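A.B. asks: Mind looking over this structure? Questions follow.
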Ligand SMILES: [Cu+2]
């Protein structure tokens, strides 16, 4: 958890092993693309503890609907 006086951002490096994806947890940050052979970075800075739900936001194949995300902090 973070507050403006004492920010504690979490940094992520996003990699894809197969096809294009999009990491999206709406309460934490905007969408960030994952592209094979192209590492991408993002950060998030939640202001409360909780379980934050997201979903891959790029159609990535027949299993796309199963790409639920949970960030716990
Ligand atoms: Cu997907």
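A.B. asks: Tell me, please, whether a residue that is in contact (Cβ under 8 Å) with a residue 24 or more places away in the chain, within 10 Å of the chain's Cα centre (by Cα), more than 16 Å from the ligand (Cβ to nearest atom) and not in a loop (DSSP other than H, G, I, E, B) can be found in region 12-23.
C.D. replies: Yes, region 12-23 contains at least one residue that is in contact (Cβ under 8 Å) with a residue 24 or more places away in the chain, within 10 Å of the chain's Cα centre (by Cα), more than 16 Å from the ligand (Cβ to nearest atom) and not in a loop (DSSP other than H, G, I, E, B).
A.B. asks: Being within 10 Å of the chain's Cα centre (by Cα) and either touching a residue at least 60 places away in the same chain (Cβ under 8 Å) or away from the ligand (no atom under 15 Å from the Cβ) (or both): is that true of residue 55 here? Let's see the steps before the verdict.
C.D. replies: Working: within 10 Å of the chain's Cα centre (by Cα): yes; either touching a residue at least 60 places away in the same chain (Cβ under 8 Å) or away from the ligand (no atom under 15 Å from the Cβ) (or both): no.
In short, no.
A.B. asks: Residue 60 versus (1) within 15 Å of the ligand (Cβ to nearest atom); (2) free of Cβ contacts under 8 Å to residues at least 40 places away in the same chain; (3) farther than 26 Å from residue 1 by Cβ: which is the lone unmet condition?
C.D. replies: Against the list (1) within 15 Å of the ligand (Cβ to nearest atom); (2) free of Cβ contacts under 8 Å to residues at least 40 places away in the same chain; (3) farther than 26 Å from residue 1 by Cβ, residue 60 comes up short only on (2).
A.B. asks: For residue 3, indicate whether it is touching a strand residue (DSSP E or B) at 6+ places or on another chain (Cβ under 9 Å) and either surrounded by fewer than 14 Cβ atoms within 10 Å (Cβ to Cβ) or modelled with pLDDT of 95 or more (or both). Give the steps one after another, and end with the answer.
C.D. replies: On the way: touching a strand residue (DSSP E or B) at 6+ places or on another chain (Cβ under 9 Å): no; either surrounded by fewer than 14 Cβ atoms within 10 Å (Cβ to Cβ) or modelled with pLDDT of 95 or more (or both): yes.
It is false that residue 3 is touching a strand residue (DSSP E or B) at 6+ places or on another chain (Cβ under 9 Å) and either surrounded by fewer than 14 Cβ atoms within 10 Å (Cβ to Cβ) or modelled with pLDDT of 95 or more (or both).
A.B. asks: With the requirement that a residue be surrounded by 13 or more Cβ atoms within 10 Å (Cβ to Cβ) and at pLDDT below 95, what does region 45-66 give you?
C.D. replies: Residues satisfying the conditions are 45, 46.
A.B. asks: Condition check: more than 16 Å from residue 67 (Cα to Cα) and either within 15 Å of the ligand (Cβ to nearest atom) or touching a helix residue (DSSP H, G or I) at 6+ places or on another chain (Cβ under 6 Å) (or both). Does residue 36 satisfy that? Break it down into steps so the answer makes sense when it comes.
C.D. replies: Details: more than 16 Å from residue 67 (Cα to Cα): yes; either within 15 Å of the ligand (Cβ to nearest atom) or touching a helix residue (DSSP H, G or I) at 6+ places or on another chain (Cβ under 6 Å) (or both): yes.
In short, yes.
The values are calculated or read from the model by the stated rules, or taken from the named source; none is laboratory data. All of these numbers come straight from a predicted model, not from anything done at the bench. Neighbour counts are summed over all protein chains in view; Cβ atoms, including those assigned to glycine, are modelled from backbone coordinates with ideal geometry.
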